[in-house]
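Colleague: First, the structure itself, so that you have it in front of you.
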Amino acid sequence: MLFNSYEFLFAFLPITFFIYFYLNHKRLTIASKGFLVFSSLFFYSWWNIAYLPLILISMLFNYVIGSSLNKEIQDTKKSFSKKSILIFGIISNVSLLGYFKYADFFIENFNFVIGTNVNLLHLLLPLAISFFTFQQIAYLVDSYRGETKEYDFLNYALFVTFFPQLIAGPIVHHKEMMPQFANNRNMVKNYKNIALGIFIFSIGLFKKVVIADTFAVWANQGFDVATTLNLFEAWATSLSYTFQLYFDFSGYTDMAIGIALLFNIKLPINFNSPYKALSIQDFWRRWHITLSRFLRDYIYIPLGGNKKGNFRTYSNLMTTFIIGGFWHGAGWTFLFWGLLHGLALSIHRLWSNLGFKMWTWLAWFITFNFVNIAWVFFRAKEWDDAIKVLGAMFNLENLTFNLNYLEVVCILLGLIVVLFFKNSNEIIKKLKINTLISIIIGFLIFIALTILEIRSSSEFLYFQF
């Protein structure tokens, strides 16, 4: 079930909303939480009910491990240390993720290197497994550090499965969510939050259906259909994907935040105008913020961060972002994309340490174009697809002016929007719902639904990760 589908918009969401607050109105708090967990699991099962047991087993396992880490454990011959329990929990989670997401990748490369012919498993990737696995690993580490409290299984299940952020994030911390679920004032309908939620949801819906899916047509044509590209077509293809991904992920984030607000839950900011970044470090402080936070807190810092000399700092950056690239997908293109970003962050750190400065416009230009070029590897299904696009982007011998002028205009408009307009987080800080805003909401939803009539709803790009 997609946020941008009729069954979600006109059935699942309104039914879940009204029943949840009806149960709260009747002071049936446990029932309302149970219903929200049930609804979230139903939402998850809509794609493939066969994987429902997987998320249930994962939740139960991590709840038991987390509860064990919350208790005082004596180091005796008959018990395990907290560190041993934590390591077991992390290895189990990573193994589950690795089996479903990376098994075929390793088998394929094993066959290539050794010359064997081991059959691939052809496993269907369970939806959201990357997100709920990272979220629960963070919970286990925080439990080991003594930063969590004792929670009952219902509250923990709600923390993991809350449907607005279940499928593609943000990757939330228990300390961000648990107090909100326990706050009695959040059990009552808040009409200001409802209005803000609908407004930001409508912006996200428009971004996804009208803008991102339009750029997708041109990106798909260049990457998947065209066998050759001239220089201008190649740049238009790469930029179309750059803006498709931006508005797709930004749209999803807005919709997730908006839906959560309907239930009086504030999700952490996960997207903050990343194409305005003036350095690659600034970019990662703005793009998929909660993933960057996870990589920093649970990989980069435990590896030693920047506390053990320059060589270790650079190697830690490289390792962290190679892992980040591999988290996105089981393929050499994702690994190389992560390697590129790790290398760029290392160069930026070295540049900053040497005290060099550059003009603001040049810093933006370099950052944006690096991100755009790196996205080519992120998007390409095969290595040859990336080479096809990149080779044409820098082939000065092929300057045929064979352009789709509508595509060029949309790219320019997209650039203006991402650079000069306020983002959704900035807009809602001072937003007051009035007649004009209501008209804008209605207009955005009407246009989005009209487009949905013309072309069917498509998945968000981050669903595949």
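The values are calculated or read from the model by the stated rules, or taken from the named source; none is laboratory data. Bear in mind that the values here come from a model prediction, so they are computed numbers and not experimental data. Because the Cβ atoms are built from the backbone with ideal geometry, glycine has one as well, and the counts that use them run over all protein chains shown.
Colleague: Tell me which residues, restricted to the stretch 423-440, are in contact with a helix residue (DSSP H, G or I) (Cβ under 7 Å, 6 or more places away or on another chain) and either part of a helix (DSSP H, G or I) or free of Cβ contacts under 8 Å to residues at least 24 places away in the same chain (or both).
Modeller: Across the stretch 423-440, the qualifying residues are Ser424, Ile428, Ile437.
Colleague: Note down all Cβ pairs under 8 Å where the first residue falls in the stretch 441-463 and is outside any helix (DSSP H, G or I), the second is among the basic types (Lys, Arg) and surrounded by 12 or more Cβ atoms within 10 Å (Cβ to Cβ), and they're at least six residues apart or on different chains.
Modeller: Cβ pairs passing all conditions: Phe460/Lys208.
Colleague: Return the only residue of Ser95, Ser84 being surrounded by 12 or more Cβ atoms within 10 Å (Cβ to Cβ) and free of Cβ contacts under 8 Å to residues at least 40 places away in the same chain.
Modeller: Ser84
Colleague: Based on what the data block shows, is Ala344 touching a helix residue (DSSP H, G or I) at 6+ places or on another chain (Cβ under 8 Å) and part of a loop (DSSP other than H, G, I, E, B)?
Modeller: In short, no.
Listed here are the residues, each with its yes/no results for (1) over 24 Å from the mean Cα position of the chain (by Cα); (2) of a type in the set (Lys, Arg); (3) modelled with pLDDT of 90 or more.
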position	(1), (2), (3)
Thr29	yes, no, no
Phe35	yes, no, yes
Ile91	no, no, yes
Ser95	no, no, yes
Tyr99	no, no, yes
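Colleague: Name the single residue that is nearest to Phe336 (Cα to Cα) among those in the stretch 395-407 being touching a residue at least 12 places away in the same chain (Cβ under 8 Å) and either part of a helix (DSSP H, G or I) or of a type outside the set (A, V, I, L, M) (or both).
Modeller: Filtering the stretch 395-407 for residues that are touching a residue at least 12 places away in the same chain (Cβ under 8 Å) and either part of a helix (DSSP H, G or I) or of a type outside the set (A, V, I, L, M) (or both), the one nearest to Phe336 (Cα to Cα) comes out as Asn395.
Colleague: Could you list, ordered by first residue, the pairs with Cβ atoms under 9 Å in which the first is in the stretch 2-29 and farther than 25 Å from Asp254 by Cβ and the second is of a type in the set (Lys, Arg) and assigned to a helix (DSSP H, G or I), at least 6 apart or interchain?
Modeller: Leu23/Lys33
Colleague: Within the stretch 293-308, can one find any residue that is in contact with a Gly (Cβ under 6 Å, 6 or more places away or on another chain), surrounded by 15 or more Cβ atoms within 10 Å (Cβ to Cβ) and within 24 Å of Glu176 (Cα to Cα)?
Modeller: yes
Colleague: Just to check your reading of the model, which residue among Val409, Val389, Val371 is within 21 Å of Ala216 (Cα to Cα) and in contact with a strand residue (DSSP E or B) (Cβ under 9 Å, 6 or more places away or on another chain)?
Modeller: From the options Val409, Val389, Val371, the qualifying one is Val371.
Colleague: Oh, and also: If you go through the stretch 275-314 one residue at a time, how many are assigned to a helix (DSSP H, G or I), free of Cβ contacts under 8 Å to residues at least 60 places away in the same chain and closer than 24 Å to Thr242 by Cβ?
Modeller: The qualifying residues number 2.
Colleague: Run down Leu390, Leu415, Leu431, Leu436 and say which single residue is in the same structural domain as Trp287 (by TED's automatic domain parsing) and loosely packed, with under 13 Cβ neighbours inside 10 Å.
Modeller: Going through Leu390, Leu415, Leu431, Leu436 in turn, just one is in the same structural domain as Trp287 (by TED's automatic domain parsing) and loosely packed, with under 13 Cβ neighbours inside 10 Å: Leu436.
Colleague: Only residues in the stretch 39-53 that are farther than 19 Å from Phe162 by Cβ count as the first member; pair them with residues that are assigned to a helix (DSSP H, G or I), Cβ under 8 angstrom, at least 6 apart or cross-chain, and list the lot.
Modeller: none
Colleague: Another question, if that's okay. Kindly list, by first and then second residue, each pair from a residue in the stretch 115-126 that is over 12 Å from Asn48 (Cβ atoms) to a residue that is among the polar types (S, T, N, Q), limited to pairs with Cβ atoms under 8 Å and residues at least 6 apart or on different chains.
Modeller: Asn117/Asn111; Val118/Asn111
Colleague: Anything in the stretch 198-221 that is crowded, with 24+ Cβ neighbours inside 10 Å and of a type outside the set (A, V, I, L, M, F, W, C)? List them, or say none.
Modeller: Gly204, Lys207, Lys208
Colleague: Those residues that are surrounded by 15 or more Cβ atoms within 10 Å (Cβ to Cβ) and among the charged types (D, E, K, R), I need them from the stretch 26-57; list them, please.
Modeller: Listed by number, the list holds a single entry, Lys33.
Colleague: Return the only residue of Glu407, Glu397, Glu382 being in the same structural domain as Val209 (by TED's automatic domain parsing), crowded, with 19+ Cβ neighbours inside 10 Å and of a type in the set (Asp, Glu).
Modeller: So the residue among Glu407, Glu397, Glu382 that is in the same structural domain as Val209 (by TED's automatic domain parsing), crowded, with 19+ Cβ neighbours inside 10 Å and of a type in the set (Asp, Glu) is Glu407.
Colleague: Just a yes or no: is a residue in the stretch 354-377 out of contact with any Lys or Arg (no Cβ under 6 Å at 6 or more places or on another chain), among the hydrophobic types (A, V, I, L, M, F, W, C), in a loop (DSSP other than H, G, I, E, B) and modelled with pLDDT of 90 or more?
Modeller: Taking every residue of the stretch 354-377 in turn, at least one turns out to be out of contact with any Lys or Arg (no Cβ under 6 Å at 6 or more places or on another chain), among the hydrophobic types (A, V, I, L, M, F, W, C), in a loop (DSSP other than H, G, I, E, B) and modelled with pLDDT of 90 or more.
Colleague: Is there a residue in the stretch 439-462 that is more than 18 Å from Lys208 (Cα to Cα), modelled with pLDDT of 80 or more and out of contact with any strand residue (DSSP E or B) (no Cβ under 7 Å at 6 or more places or on another chain)?
Modeller: So far as the stretch 439-462 goes, yes, one or more of its residues are more than 18 Å from Lys208 (Cα to Cα), modelled with pLDDT of 80 or more and out of contact with any strand residue (DSSP E or B) (no Cβ under 7 Å at 6 or more places or on another chain).
Colleague: Continuing with the same structure: Is there a residue being crowded, with 19+ Cβ neighbours inside 10 Å and outside any helix (DSSP H, G or I) anywhere in the stretch 157-165?
Modeller: For the stretch 157-165, residues crowded, with 19+ Cβ neighbours inside 10 Å and outside any helix (DSSP H, G or I): present.
Colleague: Just wondering, is there one or more residues in the stretch 244-262 that are outside any helix (DSSP H, G or I) and either at pLDDT 95 or above or surrounded by fewer than 24 Cβ atoms within 10 Å (Cβ to Cβ) (or both)?
Modeller: no
Colleague: Follow-up. For the stretch 1-119, please list each of the helices (runs of 4 or more DSSP H) lying entirely inside it that holds at least 3 residues being of a type in the set (Phe, Trp, Tyr).
Modeller: 13-25, 29-45, 82-114
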